[in-house]
Amino acid sequence: MTKPAFIITIDTEGDNLWQNHDSISTENTRYLPRFQALCEKYGFKPVYLTNYEMAMDAQYVEFAKDVIHRGTGEVGMHLHAWYSPPHQPLTTDDWRHKPYLIEYPKDVIRAKVDHMTKLLEDSFQTKMLSHRAGRWAFNEYYASLLVEYGYQVDCSVTPHVNWAFSPGNPDGQGGTDYRHFPREAYFMDAEDISRPGKSSLLEVPMSIHLKHSPLMNGLKQGYDALRGKKRSPSALWLRPSGGNLERMKQVAAKSLSQGHDYVEFMLHSSEFMPGGSPTFKNEQDIEGLYRDVEQLFSWLSERTVGLTLAEYYQRKVN
């Protein structure tokens, strides 16, 4: 019997983008080899979903080209609309509001996808096959562009999560509501990305489960509404947040017990650097992160096989 896949996705982007600032550094590049070595220790192959500033970092390009050359990982596309060229302001302060790509006019969306795809393919001398939307915002037009540009896999869907309460453009509708999207991999319907169809684009949703039972979630949502609070249901991700090893195992175990043929992990590249994120502020936090990740990887190595998104796509079509 074929082992389920373990897919590691890293949103590979600038340092501490949780802060509002008008310039971006990429010091976290120097912290990626340690994580890469840990992945290789267990035979896992991370997918570095790379955005504009990282693609312009010569040290990162050298690192990622070596990973590709040795067949120990993959580079895909990640696009932050407010910083990725061509620049066309959407709000009074795009750096502050960080608008979603899907909020821009279609011609601007196309131009940004075109520029990023060509930049990545030129920089890494390989076809871009995998993608994750910046801030998880996805729609049918965006999906159609990925198909047009030859992408095979998207991993932007976050089951159970409603990003509509997370604003981009202050005059917009917020992000994508994924509460009713599939939780397992599926080829998208070109007319409705929330359901399976005959598109060539394979969606590989994040491994996420509700924290509480449907009844409890309903009660919590009702209580929040009475208090005037709007937020997505509480969910557990296969994502380190500091001291959450057992919960990550719980998410992976639940996915596998439900018959999923993969589990998908994510983190931001900046989270491997002390102070690169709000979660891992210092060396002690980073060492704790690595202890959790190593134990998770050791546990998963007995239950899964490491695949990139492109390799997982080939498994689905063959």
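Of the trypsin sites (Lys or Arg not before Pro) found in the range 76-160, those in coil by DSSP whose Cβ has at most 15 other Cβ atoms within 10 Å are K127. Only helices enter this figure: runs of n ≥ 4 DSSP H residues, each worth -39500 (n - 2.57), summed and divided by the residues of the chain, yield -10500 deg cm²/dmol at 222 nm to the nearest 500. Here's how it looks for V75: its modeled amide H is under 5 Å from those of Y48, which are all 5 or more places away or on a different chain. For the range 269-318, the square roots a ≥ b ≥ c of the C-alpha gyration tensor eigenvalues yield an a/c of 1.5 or more together with a/b not exceeding b/c, which makes the shape oblate. Here the mean projected area of the convex hull built on the C-alpha positions of the range 1-89 is 7.3 nm². Qualifying chymotrypsin sites (Phe, Trp or Tyr not before Pro) in the range 53-145, where qualification requires a DSSP coil assignment and no more than 12 other C-beta atoms within 10 Å, are lacking entirely. Each Cα pair under 8 Å and six or more residues apart adds its sequence gap; the mean of these over the residue count of the chain is a relative contact order of 23 percent. For the range 87-220, just say rounded, prolate or oblate: build the C-alpha gyration tensor, square-root its eigenvalues into a ≥ b ≥ c, call rounded for a/c under 1.5, and beyond that prolate if a/b exceeds b/c, oblate if not. Since a/c reaches 1.5 but b/c is at least a/b, the shape of the range 87-220 is classed as oblate.
Readers should treat all values here as calculations from the given coordinates under stated rules, not as data from a laboratory. Quick caveat: nothing in here was measured; it's all calculated off a predicted structure. Methodologically, a virtual Cβ is constructed for each residue, glycine included, from the backbone with ideal geometry; neighbour enumeration extends over all protein chains shown.
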